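The values are calculated or read from the model by the stated rules, or taken from the named source; none is laboratory data. All of these numbers come straight from a predicted model, not from anything done at the bench. With ideal geometry, Cβ positions are generated from the backbone for all residues, glycine too; neighbour counts draw on all protein chains shown.
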Amino acid sequence: MSDVMSEYRSKIISAADAAAMVRSNDTVDYYAFTASSRYLDAALAHRAGELENVTIRSELRLAPPCSVFMADPEGATFTLDSLFCGPVELMVPEKQRTVTPAPLSFFEALIRRKDLHFDVAAFMVSPPDDEGYLHFCPSPALAKTVATASGVFFAEINESYFPIRGSEDRRIHISEVKHVIEGDNPPMLGLPIPPISDEDQKMAAHVLSVVRDGSCLQIGYGAVPEAVATLIAETDLRELGIHTEFFSDGIMRLYKAGKVTGARKTTNPGKIVSSIAFGSPELHDFIRDCPDLYMTSSTYSNNPAVIRQNDGFVSVNAFLEIDLSGQVNAESIGTHVRSGTGGQLDFILGAQQARDGKAILCSPSTYTKADGSRVSRILPILTPGATVTTPRSCVQYICTEHGMVNLRGRNLWERAERLISIAHPDFRDELIRQAEALGVWRNRNRIANC
């Protein structure tokens, strides 16, 4: 350990010295989630107006706002390129930000092939363990590839971060790190469990109808996944497996309730596989202590070829709107990006290729606009400019509070019929009229056979 600490101390530099290494026209990757850069970000903000055309890359940063954009509100020095927009990224004015779309499983390959370029990377890691490893706690996802592919990687040490279990992608050895920055060790951010509405509970009940003993689940952060986990915990279901992109409080509760054993999994039997984790402080303690947790890269967790090996796979994800042909938008309001592609398509493909697998997309049937008007999420056509996150050729189950229908193998007439059957009743007549105008309405009263 003394040799490890000696090497560690030899690599310590100040945040100001790190910021001095950034040049005009560089791309600086802050990584994501609770690990997103804090020390370099604060120091680099002092160079606003001095540098030109510096691109910051940030993915679903979980607070606080990036200091560089606070210091440069007009975008004279810094612009944002995000792989997945969250609330912090959306604080940056639209004229100063863009997005790079791709499924989450693609990004590590894009980085390694240099299709996705950056010059500098900086984000938070744990202090070195006894073997000299710094851990990408709690979300390894893309971290090791970002760290090793960058021209310069600044490891921002946070003493509240800790070693995690899993694949070699969860950590990096101090010998592979060029520079270390120490700072004020901000606590790992905890997120509240989303409130569950009556609509969420109804959708969760529909999802629960296709979960069986031994099913392997992918559920993420959000009200419907939390409702699904709550309902499962109250059933006699057993021997469930978890192979997911995102590890949530709901999954933790299922494990503690004895529902999750992974005994029937083909890949990583007995293990909970995930690449991203954040939630309550209790969840962070669980991540540190759980012997059955296997944290790994998104290339593995989101690989459809890995996912499909687990029989009875059930994936649960969300959407913003869907048209009557089955095209799904989960990331924009018209042309205005609000999130990202994420892992939705990865799990939709993997789950459906699994034996007896089911890929489910959930959303309340309506939403309320700022002016108080209510809008259907099931539309004749997508809002102009909307992103197609999941193409109609890949969609299987669509779920609202009014029911769940299977679109796989259904023609356009049948899809329109089934989707309208789970739209809000106030919008069904108008949807039928518009479906007739589009030439896709042939009601044969076969909804009962969905």
Yes or no: residue 7 more than 19 Å from the chain's Cα centre (by Cα), assigned to a loop (DSSP other than H, G, I, E, B) and more than 30 Å from residue 347 (Cα to Cα)? no
In the range 139-154, which residues are crowded, with 17+ Cβ neighbours inside 10 Å, free of Cβ contacts under 8 Å to residues at least 40 places away in the same chain and out of contact with any helix residue (DSSP H, G or I) (no Cβ under 6 Å at 6 or more places or on another chain)? 147
From (1) of a type in the set (D, E, K, R); (2) surrounded by 18 or more Cβ atoms within 10 Å (Cβ to Cβ); (3) under 18 Å from residue 148 (Cα atoms), pick out the condition that doesn't hold for residue 72. (3)
Go through the residues of the range 127-140 one by one and say whether even a single one is over 18 Å from residue 58 (Cβ atoms), of a type in the set (Gly, Ala, Ser) and assigned by TED's automatic domain parsing to the domain that holds residue 24. yes
Among the candidates 317, 302, 310, residue that is in contact with a His (Cβ under 8 Å, 6 or more places away or on another chain), crowded, with 23+ Cβ neighbours inside 10 Å and touching a residue at least 60 places away in the same chain (Cβ under 8 Å): 310
If you check 213, 169, which single one turns out to be touching a Lys or Arg at 6+ places or on another chain (Cβ under 9 Å) and surrounded by fewer than 16 Cβ atoms within 10 Å (Cβ to Cβ)? 213
Could you give every pair whose Cβ atoms fall below 7 Å, whose first residue belongs to the range 186-209 and is in contact (Cβ under 8 Å) with a residue 24 or more places away in the chain, and whose second residue is surrounded by fewer than 15 Cβ atoms within 10 Å (Cβ to Cβ) and in a loop (DSSP other than H, G, I, E, B), counting only separations of at least 6 or pairs across chains? 187/160; 188/160; 189/63
Residue tally, condition assigned to a helix (DSSP H, G or I) and of a type in the set (Phe, Trp, Tyr), over the range 11-39: 1
Does residue 308 satisfy the criteria of being touching an Asp or Glu at 6+ places or on another chain (Cβ under 6 Å), in the same structural domain as residue 241 (by TED's automatic domain parsing) and under 30 Å from residue 213 (Cβ atoms)? no
Going by the structure shown, is residue 107 surrounded by 22 or more Cβ atoms within 10 Å (Cβ to Cβ), in contact with a His (Cβ under 6 Å, 6 or more places away or on another chain) and either assigned to a helix (DSSP H, G or I) or at pLDDT 95 or above (or both)? no
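Okay, residues lined up against (1) more than 15 Å from the chain's Cα centre (by Cα); (2) farther than 18 Å from residue 301 by Cα:
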{"site": "339", "(1), (2)": "no, yes"}
{"site": "344", "(1), (2)": "no, no"}
{"site": "351", "(1), (2)": "yes, no"}
{"site": "358", "(1), (2)": "yes, no"}
{"site": "383", "(1), (2)": "yes, yes"}
Breaking point among (1) closer than 25 Å to residue 147 by Cα; (2) under 22 Å from the mean Cα position of the chain (by Cα); (3) of a type outside the set (D, E, K, R), for residue 175: (2)
Can you tell me which residue within the range 177-190, out of those that are closer than 13 Å to residue 134 by Cα and either among the hydroxyl-bearing types (Ser, Thr, Tyr) or touching a Lys or Arg at 6+ places or on another chain (Cβ under 9 Å) (or both), is modelled with the lowest pLDDT? 178
